[in-house]
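Notes follow the structure.
The values are calculated or read from the model by the stated rules, or taken from the named source; none is laboratory data. Quick caveat, the model's predicted, so the values are computed rather than measured. Note that each Cβ is placed from the backbone with ideal geometry, even for glycine, and that neighbours are counted across all protein chains shown.
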Amino acid sequence: MAKRANKRSTHNPTLLLAFITADRVEDIILYRIPKLYTSLAKYYDRLESQYRDYEHDSQWIAEALLSHRARNVLDVSCGTGNHISKLAASNPELQIYAMDSSKEMIDIARRKAASQHIQYLLADFINLPFAVNSFDSAICMYWSLAGLDEELTLKLFKGLASSLSRDGIFLFDVENAEGIKENLIDAPFIDSFFFTDDEREQGKNSEIKRRKAVIRANYSRKVETDVIDWHAYYLIEEGGVSELSEDRMQLRFYSRSQLERLLSESGFETLRVSSGPFEHYQAYSPSLYFIARKK
């Protein structure tokens, strides 16, 4: 087989960004953003870090980008910046463009990783605001596709194919439809109980220390073959006063064959599918990790 020419974007993507204001994001967004990513975003890292080895993920991402000679990367769902902060620290030559549709998440990411090599953008990843051939690579990590149905996933993939240069690579992970753990459905469980660090506020005459206890309980039920309705209940207590907050989202599980089809329809070819960073593929694993290349 003839070797492909390694054509990379030669312009600066920053000159092509169509920046969107927070109000505009709310106008065009095609899905509901859960409270976990907005009003509860300040607790996100404490709640979710138990499920993800960001260091391991970032090593896998960095190796894939290096092997494909990517000079820049677009993170279309950067969240609180756990992946990009590690990528920036270990790969100072890599230019990173980090976007999310949640202002709260972007603000946390910016505080976590303020670098001249990272540019932040508040935008909706279903409506990517970039000119064609702007990036060498893109990532979409930590099951960010779970909130999208097939139509929106296809729209995201097509937008990325347009934004990437020829031979640009796309890395992402999803929950595996063939690895759904039925024992976690219709079975309430508590997965988090912690105290926040002291939050300091200026009182009338002095600084006030405030500490909160946070508890999260989860309940999920299957509403379609590969879709569950996820409910979370947050009990937040401060100074003997408790507040109960409810959050919910429909989570979709994709199979390997579904995603390979959607990638192909969007102009990608699948290079590799595994069950985790540096792992082999196992049909019934909880997760799927994809590396795809723009045709």
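Figures for the structure shown
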item: Residue within region 195-203 that is over 20 Å from the mean Cα position of the chain (by Cα), among the aromatic types (Phe, Trp, Tyr) and either part of a helix (DSSP H, G or I) or modelled with pLDDT under 95 (or both) present; result: yes
item: Subset of region 251-280 (residues that are in contact (Cβ under 8 Å) with a residue 12 or more places away in the chain and in a loop (DSSP other than H, G, I, E, B)); result: 253, 255, 267, 275, 276, 277, 278
item: Residue selected from region 167-188 under the condition at pLDDT 95 or above and over 22 Å from residue 79 (Cα atoms), by the criterion surrounded by the fewest Cβ atoms within 10 Å (Cβ to Cβ); result: 167
item: Among residues of region 59-99, those that are within 28 Å of residue 36 (Cα to Cα) and either aliphatic (A, V, I, L, M) or out of contact with any strand residue (DSSP E or B) (no Cβ under 7 Å at 6 or more places or on another chain) (or both), counted; result: 18
item: Every pair of residues 6+ apart whose Cβ atoms lie under 6 Å, when the first sits in region 219-230 and is modelled with pLDDT of 90 or more while the second is assigned to a strand (DSSP E or B) and aromatic (Phe, Trp, Tyr); result: 220/230
item: Subset of region 251-281 [more than 18 Å from the chain's Cα centre (by Cα) and of a type in the set (Lys, Arg)]; result: 256, 261, 272
